[in-house]
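Below: the structure, in structure tokens.
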Amino acid sequence: MKKISLLFVVLFATINAIAQDYGPVGVITGVVKDKQTQEPIPSVSISLEGTDMGTVTDIDGKFKIERIPPKTYNIRAKSIDYREKYVYNVVVTTGNSEVLNIELERNTINLNTVVIRSNPFAKPAETPVSLQTMSAQEIKSNPGGNFDISRVIQAFPGVGGTSGSVGGYRNDLIIRGGAPNENVYYLDGIEVPVINHFATQGSAGGPTGIVNISFIDEVNLYTSAFPAQYDNALSGVLQMKQRKANPDHVQHNVRLSATELAYTMDGPIKKDKLTFLASARRSYLQLLFKALQIPIQPSYWDFQYKIDYKINKKLTFYTLGIGAIDKFSFITPDELTPENIYTLKSNPTINQWNYTNGYGLKGLMKHGYWNLTFSRNMLNNELDQFEDNQNPKETERILKIRSQEAENKVRFEYKKFFDKWSYSVGLMGQYDQFSNNYYTRIRSELRDANGQIIQPEFSINGTSQIDFFRYGLFAQIARKFFKERLDVSLGVRADGNTFTTDGNNFYERPSPRIATSLLVAKNLKFNASVAYYYKVPPYTVLGYRDTSGVLVNQNSEYIRSDHFVAGFEYLPKQDTRFTLEGFYKSYISYPVSLIDGISLANKGGNFGVLGNEPVTSSGWGRSYGAEFMFQQKLTKRFFAILSYTYYISEFTNASGKYVPASWDNRHLLSFIGGYKFRRNYELGVKFRYQGGAPYTPFDATASQQNYLSTGQGTLNYALFNTLQLQPFHAMDVRLDKKWNYRKWSLDVYIDVTNVYGSVQPQFPQYTFQRTTDNSAFATTDGQPVKTDGSNAIPYIIDNSDPVIIPTIGFIVAF
């Protein structure tokens, strides 16, 4: 460890010594708009806090500040008739210009010469509760986040990840006790169903994110009180806004880390008219896994782009795209342990690709704007598993899946503002296609010593194709009362489809919502929201056919979730916020498996496919608790987010009895903090604590009898989720040092995940003990293992080992 530390010191000193250029400076450019109407605002004063540097926006709302000494600044935007606003934590370097998109709130209260500041934590009237926002720099500085949005937002209250078998390696978002597939994701108004590599089909989670955070300007996470324009969400909406490209010249960014190489470029194609963002990323995660003697070998590419075309002052066209290519294979480790052998035999190989392409037209009008978007997204998923994954034989196949999902969407939104009133209306339609060719061996064939079949093979296979339309419409209205002390919002949407039995009865499923915010004292607000939300079951559920080819799940109902939220928000200072919220969520018509009697709400936290089975819409659920958050924007070099959540999550099984959900961790504690030192050093620390996840014990007798034919232990579903893992906790630390030269900049960072080597609890795995040379199963009588496993020696694998992952990375901007 001393040698590694010395190496880092020498590296930093060497890079610092080769600096030959003097007087490096950076640039901040951007545009200022009216937050409501999106019109550019001229004559806005833009200044850098603590300096005498600044400028004024031109007639198109644009500004540019040059020759800025590189460091971190807070930016102030000030204008007559608008509330003063600060943009925090703006990092200026010599490599890339910092491009800002500032939105100001019109000041509707006449206080003569008194300066009214905009609240940096302000929320729209329709979402006064359960909305958290994070800036691009807060995302980039997150320790242990690996530049991954999904991991970063787990710092927010009510947000956890899966734990147990793969919890340390996946990005599933568990929001207030809901399942991973209860969330939706939007990028600049375009829905992006897949945001992770190696996504679990029907659930969206995966081990690492696809979205390039170098493009992201702001992230908004709604954990309740969703605006009415968002459909098909039960627990959360993640809204990502991309930044503007450099309007003056093309700039580049190269990131090299222990797991990936990423390249980003942006700039103008036609000055003042046409700009672009583009990136590509290639992983070499397989090298890290090989070094750690992990037999799985993940490899991926991802791509992202956006083009903006300003047709005229009132009309803008844009197109964007994001996609990934994923491959998941195996190697034989140098040391074959029971754990490695189990991993090799129990996981499928994965060949997967996905993309989303979108096109948008945005028009400005008097007191409002409208948006029209078209998009197509597609997922191709191929899974294969054999008794010996490294030497596959068709006669030894366990699993085969060839599945595709495609969606073609159109959305329209019209929004208007009148004095204290605002309203929006819109509609959406989409054409969905799903195909699935699958084979699953439930039980293998067994023969006696004479070659006679004593247990025939039992498998499920079939082919399914479905296509149908989905549609929806919404309306929302909001008003301010009593000199803006009270905000009230009312909204409703209705959704239908042409596939399920009652899909076209959209009028029977209105989704109403009401939200209110009341200023009860200086800097203290009481906020509340009540709403009903609906979600159509996953395509894997709807497209499942039985052995006769019948679509047995076509009568599945929309899943419904009712939300009740109330809480307080206290702002003691302009840059500091405390929140306390209580929530209750109830679920109706959740799909429950007819095979194992388990609610699909308890599945989807692992690799593979969720929902390819017969179900009944008879499940119920509930999740309730309270959460606290403290957030400090960057002031005097320090920023932080501290959150704690206590909740209980339960769902019914086939018997109708409530049992703990697989996500019922009860306690979530998270802290992210950063400090900006002089000479462009920055330290970030993240601590996270998550209560132990429930799990189901093995049926010892059934597991021993069936292991040879199933290849895994048999769970005792009568005791579903009655046991609990130990709590999980870890600390990640990151240190950055930036060097600024005349034409380029270099950021070298050291990121250590799980710095103090905490044990990560894992679900136990069942197998038979093997012989010393790993050539066969060991037995109690020294004879070959019997077909019923009676002479085998059961072995429970415990993968709860501490893993410390140090990494060094380089970011070059020019």
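Every number here is computed from the coordinates shown, using simple stated rules; none is lab data. Predicted, not measured: the structure shown is a model, and the values here were computed from it. Cβ sites come from the backbone with ideal geometry, for glycine too, and all protein chains shown count toward neighbours.
Output the pairs from LYS35/LYS62; LYS362/LYS535; LYS633/LYS686; LYS314/LYS362 with a Cα-Cα distance over 19 Å in this structure; if there are none, say none.
Among LYS35/LYS62; LYS362/LYS535; LYS633/LYS686; LYS314/LYS362, the Cα-Cα distance tops 19 Å for LYS362/LYS535.
Can you compute the modelled spin-label distance between GLN390 and ASP60, with each label point 7 Å from Cα toward Cβ, in nm?
So the two model labels end up 6.1 nm from each other.
State the extension gain, in nm to one decimal, for the chain segment bounded by LYS313 and TYR675, taking 0.36 nm per residue of separation less the distance between their alpha-carbons.
Extending this stretch completely gives an extra 126.2 nm.
Amide H of SER800: which non-local residues (sequence gap of 5 or more, or other chain) have their own amide H closer than 5 Å, using H built in the peptide plane?
Amide H neighbours of SER800: GLN762.
Kindly rank 389-397, 523-531, 450-458, 360-368 from highest to lowest mean number of other beta carbons found within 10 Å of each residue.
Working: 389-397: 12.0, 523-531: 18.8, 450-458: 10.2, 360-368: 16.2.
Per-residue Cβ counts within 10 Å, averaged per peptide and sorted highest first, yield 523-531, 360-368, 389-397, 450-458.
Is the shape of the range 24-118 rounded, prolate or oblate, going by the alpha carbon gyration tensor and its root eigenvalues a ≥ b ≥ c, with a/c under 1.5 for rounded and a/b larger than b/c for prolate? Intermediate values should be presented prior to the final figure.
Working: a/c = 2.31, a/b = 1.74, b/c = 1.33.
Judged from the Cα gyration tensor, the range 24-118 comes out prolate (a/c at least 1.5, a/b above b/c).
Which one, [x] 31.2; [y] 28.2; [z] 42.4, gives Kirkwood radius over Cα pairs in Å as derived from the coordinates shown?
This structure yields the entry labelled [y].
Straight-line reach from LYS313: which aspartates and glutamates have Cα under 12 Å away, leaving out those fewer than 8 places along the same chain?
GLU39, ASP60, ASP272
Restricting to Cα pairs below 8 Å that are 6+ residues apart, what does the relative contact order work out to for the range 667-730? Please round to a whole percent.
In percent, rounded to a whole number, it is 34.
Where the convex hull is taken over the Cα atoms of the range 487-587, what is its projected area averaged over directions, in nm²?
8.8
Filter the chain for me: DSSP H helices, axial length by Cα at least 18 angstrom, mean Kyte-Doolittle hydropathy not below -0.5. List them by residue number.
Both cut-offs are met by 2-17.
Go through 560-568, 289-297 and give me the packing order, highest mean Cβ count within 10 Å leading.
Numbers: 560-568: 18.8, 289-297: 16.3.
Packing proxy ranking, top to bottom: 560-568, 289-297.
Measuring from label point to label point, each 7 Å out along Cα→Cβ, what is the ALA475 to LYS241 span in nm?
Label at ALA475, label at LYS241, 2.8 nm between them.
Order 427-440, 171-184, 222-235, 315-328 from most to least packed using the mean count of other Cβ atoms within 10 Å. Don't skip to the end; give the middle numbers.
Values: 427-440: 18.1, 171-184: 27.9, 222-235: 24.6, 315-328: 19.6.
Packing proxy ranking, top to bottom: 171-184, 222-235, 315-328, 427-440.
On a straight-distance basis, which aspartates and glutamates could pair with LYS786 in a cross-link, Cα separation under 16 angstrom, same-chain partners fewer than 8 positions away excluded?
Counting by Cα, and skipping residues close in sequence, LYS786 has these aspartates and glutamates nearby: GLU445, ASP448.
What FRET efficiency comes out for the pair TYR431/SER586, r = Cβ-Cβ distance, R0 = 30 Å, nearest 0.05?
Efficiency computed from Cβ-Cβ geometry: 0.40.
Rounded to the nearest 500, what is the chain's calculated 222 nm mean residue ellipticity when only DSSP H runs of at least 4 contribute -39500 (n - 2.57) each, over all residues? Walk me through the numbers before you get to the answer.
Details: 7 runs with 56 residues, N = 814.
Value at 222 nm, helices only, nearest 500: -2000 deg cm²/dmol.
Strictly over 20 Å apart at the Cα level, which of LYS310/LYS366; LYS483/LYS525; LYS273/LYS366; LYS33/LYS522 would you flag in this model?
Values: LYS310/LYS366 18 Å; LYS483/LYS525 14 Å; LYS273/LYS366 22 Å; LYS33/LYS522 28 Å.
Listed pairs above 20 Å: LYS273/LYS366; LYS33/LYS522.
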